[in-house]
1. Of everything in the stretch B:98-107, what is assigned to a helix (DSSP H, G or I) and free of Cβ contacts under 8 Å to residues at least 24 places away in the same chain? Give them in sequence order.
2. Looking at (1) more than 30 Å from residue A:213 (Cβ to Cβ); (2) at pLDDT 90 or above; (3) outside the structural domain of residue A:173 (by TED's automatic domain parsing), can you tell me which one residue A:89 breaks?
3. Looking at residue B:20, is it within 16 Å of ligand 1 (Cβ to nearest atom), surrounded by fewer than 19 Cβ atoms within 10 Å (Cβ to Cβ), within 14 Å of another protein chain (Cβ to nearest Cβ) and not basic (Lys, Arg)?
4. In the stretch A:225-235, is there at least one residue being surrounded by fewer than 20 Cβ atoms within 10 Å (Cβ to Cβ) and free of Cβ contacts under 8 Å to residues at least 24 places away in the same chain?
5. Out of all the residues in the stretch B:54-68, which are in contact (Cβ under 8 Å) with a residue 12 or more places away in the chain and either buried (at least 18 other Cβ atoms within 10 Å of the Cβ) or more than 10 Å from every other protein chain (Cβ to nearest Cβ) (or both)?
6. Can you give me the number of residues within the stretch B:134-163 that are more than 14 Å from chain A (Cβ to nearest Cβ) and free of Cβ contacts under 8 Å to residues at least 40 places away in the same chain?
7. Would you please name the residue that is farthest from ligand 2 (Cβ to nearest atom), looking only at residues in the stretch B:34-80 that are farther than 30 Å from residue B:231 by Cβ and charged (D, E, K, R)?
8. Restricting attention to the stretch B:156-178, does a residue exist that is out of contact with any Leu (no Cβ under 9 Å at 6 or more places or on another chain) and among the basic types (Lys, Arg)?
Amino acid sequence: MTGQATSNAWSSHEGAAALAAPALTEKRRAFDWRILLGFFLPIAVALLWEGAVALGLAQGRLVPPPSRIIATLWGLAQTGELWTHTWMTLWRVLVGFVIGAVAGIVLGALSGSSKTTRQLLDPTLQALRAIPSIAWVPLFILWLGIFEASKVALIAVGVFFPVYLGIAGAILSVDRKLVEVGHVFRLSRVQLARRILLPAVLPEAVIALRSGLGLGFMFVVAAEFMGASEGLGYLLVDGQQMGKPDQILAAIIAFALLGKIADSLLVAGTKPLVRWQDTVRERL
Amino acid sequence: MLALEHLSKTYADGTRALSDINLTVHEGEIVSLIGGSGCGKTTLLRLIAGLDRASAGRIRLDDEVLTGPHPAVGIVFQEPRLLPWLSVSDNIAFGLDGVGAAEKKARVSHALSKVGLIEHADRWPRDLSGGQQQRVSIARAFVTNPKVLLLDEPFSALDAFTRASLHEHLLGLWEETRPTVVLVTHDVQEAVTLADRAIVMQPKPGRILDELPLTLSRPRDRTGLPFETSVRRILTALDHSLKAPQLQPQRERDRQAAALWW
Ligand SMILES: Nc1ncnc2c1ncn2[C@@H]1O[C@H](COP(=O)(O)OP(=O)(O)OP(=O)(O)O)[C@@H](O)[C@H]1O
Ligand SMILES: [Mg+2]
């Protein structure tokens with residue numbers, strides 16, 4: 001009797017709707033409140049510190065309370081200084097990133113797609129990679145002067161290596177089985193590169209570009225330490241020399257936000273290219 | 001007509017995968033290759049598809065000697081091998097590069113409806129089941145209207161029900177243009193369901209042991225006595241392919257027998 005009822009439910013439309021319902025509710029509660037849990041720790045620490053300084057338990061001279069950092073950020077934003085510095089830093093990262101990424105993509109593609117060029121290029125590039133990039137600074141300053149060119153060069157070098165390695169590795173690891181599909185349909189070398197290799201390496205290329213961008217932000221700080229009069233890195237140095245820890249922390253926060261925003265933009269911009277991916281997590 | 005003449009393949013590591021294969025497949029014929037694991041069935045298909053080069057012998061399609069991938073030869077691999085960045089319909093259209101947009105669309109949607117996936121046209125391959133993916137890859141091979149279609153155990157990963165329905169889809173597509181089909185299978189029932197002729201192969205080195213014509217009328221009744229008889233005949237031939245006079249130690253023979261009883 002029960003079995004009969006169940007089979008009826010399966011065949012009727014109401015039954016099908018009832019069966020589909022759980023899946024729909026699952027989709028609706030897509031927002032997971034546990035995400036907010038991540039904010040708990042930093043906010044708790046900030047409030048504790050704020051309270052400690054306000055109650056006179058701590059001086060807050062070397063470690064300024066959050067309210068003072070926010071006030072400093074606000075002040076810098078009001079005078080427009082924050083924007084000029086941010087813009088300068090962003091511009092340097094952008095130029096260095098574009099140069100480094102283009103070079104990394106081109107050389108990585110060459111080295112990944114042909115054994116001859118790989119044997120020609122790769123040993124040299126691997127040897128250069130072993131040098132800590134900051135070690136180039138004195139040479140870059142001698143060659144390119146202390147202004148923009150040497151800074152951009154350092155950032156470009158930092159961006160280049162992860163992109164080069166990522167692209168070359170991605171091409172080398174393309175599934176032979178998919179390449180054979182291209183052979184069966186008699187694609188030329190160029191068609192094979194465009195229709196199979198390029199899409200196949202895109203996901204890894206995006207990851208390579210993201211780590212390149214991350215390193216770009218790392219190296220812009222180093223670059224701005226070596227005698228800049230503008231940029232968030234300059235704010236850091238200036239804060240140290242003038243004994244303004246609130247300014248240092250304000251600049252660090254600006255760096256964090258800037259890096260995160262740039263990374264998110266890169267992810268959002270490349271998302272349409274890799275949305276076919278069958279990965280565990282929607283977002284990396 | 002597809003003709004294999006004295007075809008041999010020895011891999012770089014010295015494995016003799018195929019030795020002196022001679023086989024003629026007539027136009028529109030469905031031939032099924034049966035044999036134990038490692039007797040060179042995949043190797044044979046890869047040679048015909050032009051993905052590997054033969055060590056000796058040649059392959060002729062009508063009056064042409066095949067030396068590489070040929071537009072008139074299509075292949076369905078053991079795995080679907082869909083391009084994950086293309087939608088289902090774009091995957092099917094992959095081989096239709098020189099075809100005009102309107103005709104391409106018509107041919108793709110016709111192939112889609114033939115394999116019963118018309119409502120899945122715009123989905124990603126990752127969102128399809130294994131059997132649906134394999135149907136897409138069959139449609140991708142058929143849509144270019146090849147003269148010769150090679151199928152390498154295309155249904156071996158699927159359950160019996162799905163397999164039976166795919167047999168129907170396959171025969172439905174075959175009926176339209178009647179290509180020459182070479183079907184590799186582990187499944188004797190499948191061979192008797194689909195093929196006009198069964199070729200039984202033998203390993204080490206891979207060669208042809210026996211040929212059995214399957215003259216049952218289509219559509220074939222899987223429950224009838226003629227079907228059973230054909231199945232039994234192939235099984236006997238397979239059995240012979242194991243017991244063939246070979247100076248092999250008993251243990252090695254047992255190991256092979258175990259491999260053959262899929
Ligand atoms: N690339 C290769 N290099 C060396 N040996 C190979 C290579 N590919 C296959 N072989 C060998 O050639 C023989 C035939 O292999 P093949 O894949 O053609 O067998 P098969 O009949 O398709 O087997 P199965 O039914 O298990 O798929 C095997 O002994 C295998 O080990
Ligand atoms: Mg095989």
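The values are calculated or read from the model by the stated rules, or taken from the named source; none is laboratory data. Worth saying up front: this structure is predicted, and the values here are computed from it rather than measured. No Cβ is skipped: glycine too gets one built from the backbone with ideal geometry, and neighbour counts run over all protein chains shown.
1. Restricting attention to the stretch B:98-107, the residues satisfying the condition of being assigned to a helix (DSSP H, G or I) are B:101-107.
Matches in the stretch B:98-107: B:101, B:102, B:103, B:104, B:105, B:106.
2. Unmet for residue A:89, out of (1) more than 30 Å from residue A:213 (Cβ to Cβ); (2) at pLDDT 90 or above; (3) outside the structural domain of residue A:173 (by TED's automatic domain parsing): (1).
3. Judged against the criteria, residue B:20 is not a match.
4. yes
5. From the stretch B:54-68, those in contact (Cβ under 8 Å) with a residue 12 or more places away in the chain are B:54-62, B:66-68; that's our starting set.
Once the filter is applied, which keeps residues that are in contact (Cβ under 8 Å) with a residue 12 or more places away in the chain and either buried (at least 18 other Cβ atoms within 10 Å of the Cβ) or more than 10 Å from every other protein chain (Cβ to nearest Cβ) (or both), the stretch B:54-68 yields B:54, B:55, B:56, B:57, B:58, B:59, B:60, B:61, B:62, B:66, B:67.
6. 8
7. Restricting to residues being farther than 30 Å from residue B:231 by Cβ and charged (D, E, K, R), the top hit is B:63.
8. yes
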